[in-house]
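Heads up: the structure comes next, in structure tokens.
The values are calculated or read from the model by the stated rules, or taken from the named source; none is laboratory data. Keep in mind it's a predicted model, so treat the numbers as computed, not measured. With ideal geometry, Cβ positions are generated from the backbone for all residues, glycine too; neighbour counts draw on all protein chains shown.
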Amino acid sequence: MSARTQSSEEPAEAVHRAGFACFVGRPNAGKSTLTNALVGQKVAITANQPQTTRHTVRGIVHRPEAQLILVDTPGLHKPRTLLGERLNDVVRTTWAEVDVIGFCLPANEKLGPGDRFIAKELAGIKKSPKVAIITKTDLVDSKTLAEQLIAVDQLGRELGIEWAEIVPVSATANKQVDLLADLLIPMLPEGPALYPEGDLTDEPEQIMIAELIREAALEGVRDELPHSIAVVVEEMLPREDRPADKPLLDIHAFVYIERPSQKGIIIGPKGKRLKDVGIKSRKQIEALLGTPVFLDLHVKVAKDWQRDPRQLRKLGF
């Protein structure tokens, strides 16, 4: 007791924490949506299809007393291709290096083999604290939510995982998102900020732009081409001869598909689909960069790129 009064007389040094957290969970568990809600800006690509997050997109949550850096890993799954195996290696390496792991489990779906597969992998990682995050709580009633909380607690006991916390959140309704950040921050190591204030992600802009184009290209054709699309931004150049107050950025990008038969799907009748993709992604790129953009999109066939190591390297995997 007396020790406490003594310390309050001396000015207490505010402890600053900074560190890395990653959200894991089976596809469509709400990881990217949660990242975006915490950061307050769209940084990770969100889609209701497995394997859309290919790159480690980091969202950065700035607080006066802390900096929480979110590492968004691809979903862990049973690999079928070389790309799948590489993604799984990336996931395990990331899990071993972060300060805290958030395991996302949607409130509106019963725990299944996919969740158990990931939980078993998590049980093998000893040093990082693990937080169970029940996502999409806006989609269920309180009884269903209570049942899910109990099921997640039991899953932990069964596999020997000690949850540091079990937190229900809704990223879309912005419920308990701040609370989640408050709970994650004390698990980070003490230290100065690792990124400048104002940074939201450390992904190179070209990768973020490629992700925005890819997301727009996937919309409406996910069932036909779920993973067969890769986007590479070839160059970004400010247009010459433009007055300083009216800049224009030229972006040249290629949308790669695996087979010639997929070309028509992406381009659409009379080029309409590709045009829509261009309009939609251009708006998002302009919002991201804060400058007008001229987007030049071309579709190219890279035969079976998901199974070819040389093509994978060229496309940035």
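Restricted to segment 213-317, the set of helices (runs of 4 or more DSSP H) holding at least 3 residues that are without any contact (Cβ under 8 Å) to a residue 24 or more places away in the chain comprises 272-289, 309-314. Taken residue by residue, segment 115-138 has at least one member that is part of a helix (DSSP H, G or I), under 22 Å from residue 40 (Cα atoms) and either at pLDDT below 95 or outside the structural domain of residue 228 (by TED's automatic domain parsing) (or both).
Residues of segment 152-170 that are small (Gly, Ala, Ser) and surrounded by 15 or more Cβ atoms within 10 Å (Cβ to Cβ): 156, 164, 170. Select from segment 192-206 the residues that are within 21 Å of residue 281 (Cβ to Cβ) and either modelled with pLDDT of 80 or more or within 13 Å of the chain's Cα centre (by Cα) (or both) and write down the one among them that is surrounded by the most Cβ atoms within 10 Å (Cβ to Cβ). So the residue we want is 201.
In the condition set (1) under 15 Å from residue 101 (Cβ atoms); (2) surrounded by 13 or more Cβ atoms within 10 Å (Cβ to Cβ), residue 127 is compliant with all but (2).
Among the candidates 65, 13, 9, 97, the residue that is within 22 Å of residue 188 (Cα to Cα) and modelled with pLDDT under 65 is uniquely 13.
Is it the case that some residue within segment 242-265 is surrounded by fewer than 17 Cβ atoms within 10 Å (Cβ to Cβ) and at positive phi? No.
If you check residue 232 against the conditions, is it in the same structural domain as residue 290 (by TED's automatic domain parsing), of a type in the set (Val, Ile, Thr) and at pLDDT below 85? Yes, satisfied. Can you say whether residue 176 is farther than 27 Å from residue 67 by Cβ and of a type in the set (S, T, N, Q), as far as the supplied structure shows? In short, no. Of the listed requirements (1) more than 30 Å from residue 279 (Cβ to Cβ); (2) at pLDDT below 90, residue 161 misses just one: (2). Suppose the filter is in a helix (DSSP H, G or I), under 16 Å from residue 25 (Cβ atoms), acidic (Asp, Glu) and under 22 Å from the mean Cα position of the chain (by Cα); does residue 109 pass it? Taking the combined requirement at face value, the residue does not satisfy it. Can you name every residue in segment 299-309 that is within 13 Å of residue 230 (Cβ to Cβ) and either surrounded by fewer than 13 Cβ atoms within 10 Å (Cβ to Cβ) or of a type in the set (Asp, Glu) (or both)? Those that are within 13 Å of residue 230 (Cβ to Cβ) and either surrounded by fewer than 13 Cβ atoms within 10 Å (Cβ to Cβ) or of a type in the set (Asp, Glu) (or both): 300, 303, 304, 308.
Of all the residues in segment 145-178, those that are aliphatic (A, V, I, L, M) and closer than 17 Å to residue 59 by Cβ number 3. On inspection, residue 209 fails the criterion of being part of a helix (DSSP H, G or I), modelled with pLDDT of 90 or more, crowded, with 19+ Cβ neighbours inside 10 Å and not assigned by TED's automatic domain parsing to the domain that holds residue 134.
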